[in-house]
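Quick notes on the structure that follows.
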Amino acid sequence: MATQADPHADAIEEIFTTVAALAPDIRDALPGRRVQNDETNPSGETQLAADAYADELFLDHLGALDSVVEYASEERTKIVPTDGEEETGLSVAIDPLDGSSNLKSNNTMGTIVAVYDAPLPAAGSDLVAAAYVLFGPITTMITADGDGVTEYLVDDGVREVITEDVQLPDDPSVYGFGGRVPDWPDDFTAYTEDIESDDSMKLRYGGAMIGDINQVLIYGGVFAYPALESAPNGKLRLQFEGNPIGFIIESAGGRSSDGTQSLLDVEPNDVHQRVPVYVGNDELIEQLEAALD
Ligand code: FDP
């Protein structure tokens, strides 16, 4: 995994500060933007007015930073070159509103940010930082900069540290698996039955990856959006979801996998490519890779 290179420390801080500062704007914009746009996103999913609004807002603000040379978003087809410093600039890939189908039912959603020291599409090993904002009952932000994972409260757009050096607890207790159960491959189904038969584990699935990931980070456990019979690469996207979440979970002492290798080792070939995502406590992902072998 990449570690934070000193030359990028200020740039990473500037990107994190910008993302946190926009959180109140995003939250304030949600009530009037729960309706569907006439558009679909590049993955063919229905786009809400809130998705499009958040994407424009992040492009305007992150694209204006000297430290950013490329902006890519789950909501737009093409990578946008920005006016940052060619020599030192970083590439930002963002899921502006992960889990936005939860907006209608007023459940958790979030923003995911991946910061790569390479042109997009980039490998997880090119990540220098990743973060997410969680719009739950309160707004929190998790950051990983190669030097540890930190949880913040975001109050009025400003970060206040809640927990430094966040680590997955050693005694995992939650699991959440996406996709329709009849669409799961048999080997994955067998794995889920093993997890379910462990009476220390509880099902917690909210349908917004970022909320489900945060539970794994706080309580320990396993999250999967698996390869499906109908979609062997699953649903989630490598640049915007798999890589940054893999980076954060591995930075917090856990493990990530696409079924056979770390998500951070998956070869990038397209900015919107999908990847099966399995993350959680080390032993649970080891058990999963053995089950899928
Ligand atoms: P959404 O479509 O609401 O944006 O990546 C997209 C995502 O949500 C994830 O946040 C979530 O884990 C997954 O899709 C949910 O998919 P299912 O509806 O298939 O459960």
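Here the chain is treated with +1 on each Lys and Arg Cβ and -1 on each Asp and Glu Cβ, and its dipole about the Cα centre works out to around 1120 debye.
In a shell of Cβ-Cβ distance under 14 Å around Ala231, excluding Ala231 itself, what net charge do Lys and Arg (+1) and Asp and Glu (-1) give? Provide the component values of the computation, followed by the final result.
On the way: positive: Arg180, Lys235, Arg237, Arg274; negative: Glu45, Asp183, Glu229, Asp258.
It works out to a net charge of 0.
Taking Cα centre as origin and charging only the Cβ of basic (Lys, Arg, +1) and acidic (Asp, Glu, -1) residues, the dipole magnitude of the stretch 250-293 rounds to 180 debye.
Only helices enter the 222 nm calculation for the chain: every DSSP H run of n ≥ 4 contributes -39,500 (n - 2.57), and dividing by all residues gives -8500 deg cm²/dmol, rounded to 500.
The mean sequence separation of alpha-carbon pairs under 8 Å and at least six residues apart, normalised by the residue count of the chain, gives a relative contact order of 17 percent. The HN-Hα couplings worked out from phi for the stretch 215-224 by the Karplus form 6.51 cos²θ - 1.76 cosθ + 1.60 (θ = phi - 60°) are 5, 5, 5, 7, 9, x, x, 9, 10, 9 Hz, whole numbers, x standing for Gly and Pro.
Please state, to two decimals, what the Cα-based radius of gyration of the stretch 159-293 comes to when divided by 2.2 N^0.38 Å (N = residues).
The reported ratio for this selection is 0.99.
What does the C-alpha gyration tensor say about the overall shape of the stretch 177-216? Classify as rounded when a/c is under 1.5, otherwise prolate if a/b is larger than b/c, or oblate. Oblate is the answer for the stretch 177-216, as a/c is 1.5 or above yet b/c matches or exceeds a/b.
A 1.4 Å probe run over the protein chains yields, for the chain, 42 Å² of accessible area per residue, whole-number rounding. Other residues within the sphere of radius under 15 Å centred on the Cβ of Gly207, judged by their own Cβ, net out at -1 (K and R +1, D and E -1). The Stokes-Einstein estimate for the chain, based on a Kirkwood radius over Cα pairs and taken at 20 °C with 1.002 mPa s viscosity, is a diffusion coefficient of 114 µm²/s. Which listed residue (Val271, Phe177, Ser197) has the Cα farthest towards the positive end of the charge dipole for the stretch 172-281, taking +1 on Lys and Arg C-beta and -1 on Asp and Glu C-beta about the Cα centre? Value computed over the given set: Val271. Could you tell me which of rounded, prolate or oblate describes the stretch 216-293, using a ≥ b ≥ c as the square roots of the eigenvalues of the alpha-carbon gyration tensor, with rounded for a/c under 1.5 and, failing that, prolate when a/b is larger than b/c and oblate otherwise? In terms of gyration-tensor shape, oblate. Each residue of the stretch 92-101 was assigned a 3J(HN,Hα) from its phi angle through the Karplus curve 6.51 cos²θ - 1.76 cosθ + 1.60 (θ = phi - 60°); the sequence is 10, 10, 9, 9, x, 9, 5, x, 5, 5 Hz, with glycine and proline shown as x.
Determine the distance separating the Cα centre of the stretch 45-73 from the Cα centre of the stretch 103-173; give it in Å without decimals. Using only Cα atoms, the two centres lie 17 Å from each other.
Here the dipole of the stretch 70-183 is about 740 debye; that uses its Cα centre as origin and unit charges on the Cβ of Lys and Arg (positive) and Asp and Glu (negative). Remark on Val149: its backbone amide H falls under 5 Å from those of Asp165, Val166, a criterion applied only to residues 5 or more positions apart or on other chains, H modelled at 1.01 Å from N. Relative to the current alpha-carbon distance between Ser43 and Glu164, full extension at 0.36 nm per residue lengthens the span by 40.0 nm. Over all distinct Cα-Cα pairs of the stretch 51-132, the Kirkwood formula returns a hydrodynamic radius of 13.0 Å. Summarising the amide proton neighbourhood of Asn37: residues at separation of 5 or more, or on other chains, whose placed amide H is nearer than 5 Å comprise Gln47, Leu48, Ala49. Remark: accessible surface ordering of Ser230, Ser257 (largest first) is Ser230, Ser257, probe radius 1.4 Å. With a 1.4 Å probe and all protein chains left in place, how much of the accessible area of the chain comes from carbon and sulfur atoms, in whole percent? Carbon and sulfur: 43 percent of the exposed surface of the chain. Residues whose amide H lies under 5 Å from that of Phe135, counting only those 5 or more places away or on a different chain, are Met109, Gly110, Thr111; hydrogens are built 1.01 Å from N in the peptide plane. Counting only DSSP beta bridges with both residues in the stretch 135-293, the antiparallel share comes to about 75 percent. Using a/c under 1.5 as the rounded threshold, could you call the stretch 89-205 rounded, prolate or oblate? The axes a ≥ b ≥ c are square roots of the C-alpha gyration tensor eigenvalues, and prolate needs a/b larger than b/c, oblate otherwise. Prolate shape, in that a/c is at least 1.5 and a/b is the bigger ratio. Any idea what the relative contact order of the stretch 128-229 is, in percent, if you count C-alpha pairs under 8 Å spaced at least 6 apart? Averaging sequence separation for qualifying contacts and normalising by length gives 26 percent for the stretch 128-229.
Phi-derived couplings, Karplus 6.51 cos²θ - 1.76 cosθ + 1.60 at θ = phi - 60°, listed residue by residue for the stretch 102-108: 7, 5, 4, 8, 6, 10, 4 Hz, with x used for Gly and Pro.
Equivalent-ellipsoid semi-axes for the stretch 1-110 (Cα gyration tensor, √(5λ), whole Å, largest first): 27, 15, 12.
The values are calculated or read from the model by the stated rules, or taken from the named source; none is laboratory data. Since this is a predicted model, take the numbers as computed values, not measurements. Neighbour counts run over all protein chains shown; Cβ positions are idealised from the backbone, glycine included. The area values use the complete protein model at the heavy-atom level, side chains included, leaving out ligands, DNA and RNA. Shrake-Rupley method; radii C 1.70, N 1.55, O 1.52, S 1.80 Å.
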